[in-house]
Number of protein chains: 2
Amino acid sequence: MSKMLVVGSVAFDTIHNAQGTHARVLGGSATYAALSASYLAPVQLVGVVGRDFPDEAVQMMRDHGIDTAGLEIADGDTFHWEGRYTDDLTARTSIRTDLNVFADFHPKIPEAFLHTPYVMLGNIHPALQMEVLDQIDRPELVVADTMNFWIEGELPLLRQMLTRVDLLVINEEEARQLSGKHHLRQVADALHTLGPKILIIKQGEYGAFLFMNEETFSVPAFPLPEVLDPTGAGDSFAGGLLGYVASRGDTSAETLRTAVVHGSALASFCVEGVSVNRLLDIDQERIAERVEAFRHLVRFTPPETR
Amino acid sequence: MSKMLVVGSVAFDTIHNAQGTHARVLGGSATYAALSASYLAPVQLVGVVGRDFPDEAVQMMRDHGIDTAGLEIADGDTFHWEGRYTDDLTARTSIRTDLNVFADFHPKIPEAFLHTPYVMLGNIHPALQMEVLDQIDRPELVVADTMNFWIEGELPLLRQMLTRVDLLVINEEEARQLSGKHHLRQVADALHTLGPKILIIKQGEYGAFLFMNEETFSVPAFPLPEVLDPTGAGDSFAGGLLGYVASRGDTSAETLRTAVVHGSALASFCVEGVSVNRLLDIDQERIAERVEAFRHLVRFTPPETR
């Protein structure tokens, strides 16, 4: 069991969906990733919140075994994002983004976190992602997330950052945008040349693909009877993924395959509730049950063995 | 090893794609399904062609063990479809559809085919699909394909047909259209109430889902390095699926799971070539290798067994 570090946003979200409005609920990439990972490995969190951030939320993270020594409390308000989902939850539009204290955020890694072997760089400015790597010892595995905003606006910095990343987690559409290719196998080949030896391409409601050396692994999204709120699903995926890797303490293809399933399991819980609500309501046994349900979902008997 | 019956279109296709124009190549739902199935089980074909249909194409089907006693040769020209694909092959537009002899087609099932246990009703008018069922003995399994054209234009007949079908193969988008639901689990529940006990929802380049009793099974699309022509992929899927079921001679969930993988394997070969070219270039060993590649693609080690 190794420790992991999560750097990213801690935020309030105001979410409009078919059920109504959920005002100023807990959100942020680091929040989702850290909570998801906390069921699998010890998590160290680095981020920033404002004076308006409730002590109870910090305490809740600590109750999940998350080390919040790197959660800076700055003068001002916490990052706030407001968005609206379509009724089928497949698309969303941002209504407003108030960066607040996040606008001047520069991650400061506490002394005690400098040697953490597994590191998750949440979806923040690539310059900030590199500031983290500049401060810490070379970890066993650096995982980074990114998005179209940085691909379009900060491509040179993003490419520089990618040369320092072992595992890139990226949405399919953005992977196509970054690679200029369509078919996943070609997308993966192109993205490998940018640096990351390991690629995980997220396909939203269709699951995820892992490309690693000559290995390819695919997992579907779990066919839930009901999805309430997709916010944070990708961050929960990344948290569950790295949490499992840290719990095993190795980065073999075998571990990465099962890690992708754990990421998918945590993402499937995440979307069952609004904000982090469902993620607070699970335990290791529930996660193990869902991983087993994934195994049953994709299992088949090869003809020759029957 | 049981026999199977395929009823559907036999056609010429003119296909425009990034590579250029492929004029009057062999196509049709029954052609793709029968050729794909022929590697797995004895196939009986029912369809219609015109006087312009080459003897060599009929002979090629016979060489694949397909019984063409039900392939009617009518006065006039063979069904001809012309369409253009986008460069990424994810969408296509029809340029022209000349039904020709297919306009007056009424399937006539030869005496020798009346007791076939496994029946594939290709994507044709639901009235014609029911004409087939009216003629034959109750099979072990009736599989039907359909499309938005019939959902929009012939809903009452389509619903009547569905009450007589055991297994519906349908595209995800059309499954949503027919059910009025979005999330697959809800789509499946709604479609089950229309009749089919077994549902296979095809997700194109994302794979397919099987819903059967309380069982759910998912298989990804094979991540090919290159796709040349998606025409006939769905029909090849259905043919490979039912071919495997016929080869096993049972309709258990275990058989259906592996059948879905065989359908996916045949579809993955289909798209590697233009028209049926790649389907003519494979053998049972190639199919077994690809099924094994699918197994490797989705395999992971549950944590508790390590």
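List every residue pair whose Cβ atoms sit under 9 Å apart, with the two residues 6 or more apart in sequence or on different chains, where the first one lies in segment A:69-85 and is of a type in the set (Val, Ile, Thr) and the second, anywhere, is part of a loop (DSSP other than H, G, I, E, B) and buried (at least 17 other Cβ atoms within 10 Å of the Cβ).
Pairs found: A:ILE73/A:GLY50; A:ILE73/A:PHE53; A:THR78/A:VAL10; A:THR78/A:GLY28; A:THR78/A:GLY50; A:THR78/A:PHE53.
Picking from A:SER38, A:SER2, which residue would you name as being buried (at least 16 other Cβ atoms within 10 Å of the Cβ), of a type in the set (Ser, Thr, Tyr), in contact with a helix residue (DSSP H, G or I) (Cβ under 6 Å, 6 or more places away or on another chain) and in contact (Cβ under 8 Å) with a residue 24 or more places away in the chain?
A:SER2
Among the numbered criteria (1) surrounded by 13 or more Cβ atoms within 10 Å (Cβ to Cβ); (2) within 14 Å of chain A (Cβ to nearest Cβ), which one does B:ASP87 miss?
Status for B:ASP87: all satisfied but (1).
A:VAL219 - would you say it is modelled with pLDDT of 95 or more and in contact with a strand residue (DSSP E or B) (Cβ under 9 Å, 6 or more places away or on another chain)?
It is true that A:VAL219 is modelled with pLDDT of 95 or more and in contact with a strand residue (DSSP E or B) (Cβ under 9 Å, 6 or more places away or on another chain).
Sort out for me the helices (runs of 4 or more DSSP H) sitting completely within segment B:163-257 that have 2 or more residues that are hydroxyl-bearing (Ser, Thr, Tyr), buried (at least 20 other Cβ atoms within 10 Å of the Cβ) and out of contact with any Phe, Trp or Tyr (no Cβ under 9 Å at 6 or more places or on another chain).
The qualifying helices (runs of 4 or more DSSP H) are B:233-248.
What tally of residues in segment A:262-302 results from selecting those that are more than 8 Å from chain B (Cβ to nearest Cβ) and basic (Lys, Arg)?
Of the residues in segment A:262-302, 3 are more than 8 Å from chain B (Cβ to nearest Cβ) and basic (Lys, Arg).
Which of (1) touching a helix residue (DSSP H, G or I) at 6+ places or on another chain (Cβ under 8 Å); (2) away from chain B (no Cβ under 14 Å); (3) assigned to a helix (DSSP H, G or I) is the odd one out, the single condition A:PHE149 does not satisfy?
For A:PHE149, the exception is condition (1).
Go over the candidates A:ALA127, A:ALA112, A:ALA144 one by one and state the one that is of a type in the set (Gly, Ala, Ser), touching a strand residue (DSSP E or B) at 6+ places or on another chain (Cβ under 7 Å) and farther than 25 Å from A:GLY263 by Cβ.
A:ALA112
Given A:VAL58, A:VAL101, A:VAL119, which one is surrounded by 12 or more Cβ atoms within 10 Å (Cβ to Cβ), under 20 Å from the mean Cα position of the chain (by Cα), more than 14 Å from every other protein chain (Cβ to nearest Cβ) and part of a helix (DSSP H, G or I)?
A:VAL58
Looking at segment A:259-276, which of the residues that are assigned to a loop (DSSP other than H, G, I, E, B) and in contact with a Lys or Arg (Cβ under 9 Å, 6 or more places away or on another chain) is surrounded by the fewest Cβ atoms within 10 Å (Cβ to Cβ)?
Checking each candidate, the answer is A:GLU272.
Exactly one of (1) surrounded by fewer than 16 Cβ atoms within 10 Å (Cβ to Cβ); (2) over 20 Å from the mean Cα position of the chain (by Cα); (3) under 30 Å from B:ASP77 (Cα atoms) is unmet by B:ALA127. Its number?
(2)
Keeping to segment B:271-306, report how many residues are more than 22 Å from the chain's Cα centre (by Cα) and among the acidic types (Asp, Glu).
Residues meeting the conditions: 1.
Looking only at segment A:279-306, count every residue that is more than 21 Å from A:SER236 (Cα to Cα), at pLDDT 95 or above and surrounded by 13 or more Cβ atoms within 10 Å (Cβ to Cβ) and tell me the total.
The total comes to 3.
Output the qualifying pairs, or none if there are none: Cβ atoms under 6 angstrom, residues six or more apart or on different chains, first residue in segment A:271-300 and farther than 19 Å from A:ARG257 by Cβ, second residue part of a loop (DSSP other than H, G, I, E, B) and among the hydroxyl-bearing types (Ser, Thr, Tyr).
If the second residue must be part of a loop (DSSP other than H, G, I, E, B) and among the hydroxyl-bearing types (Ser, Thr, Tyr), the pairs left are A:GLN284/A:TYR39.
Any idea which of (1) within 11 Å of chain A (Cβ to nearest Cβ); (2) touching a strand residue (DSSP E or B) at 6+ places or on another chain (Cβ under 8 Å); (3) of a type outside the set (Gly, Ala, Ser) is the one B:ARG248 doesn't satisfy?
Failed condition: (2).
With the checklist (1) crowded, with 23+ Cβ neighbours inside 10 Å; (2) assigned to a loop (DSSP other than H, G, I, E, B) in hand, flag the one item B:ALA144 doesn't pass.
Answer for B:ALA144: the failing condition is (2).
The values are calculated or read from the model by the stated rules, or taken from the named source; none is laboratory data. Just so we're clear, the structure is a prediction, and the values are computed from it rather than from any experiment. Cβ coordinates were reconstructed from backbone atoms using ideal geometry, including for glycine residues, and neighbour counts include every protein chain displayed.
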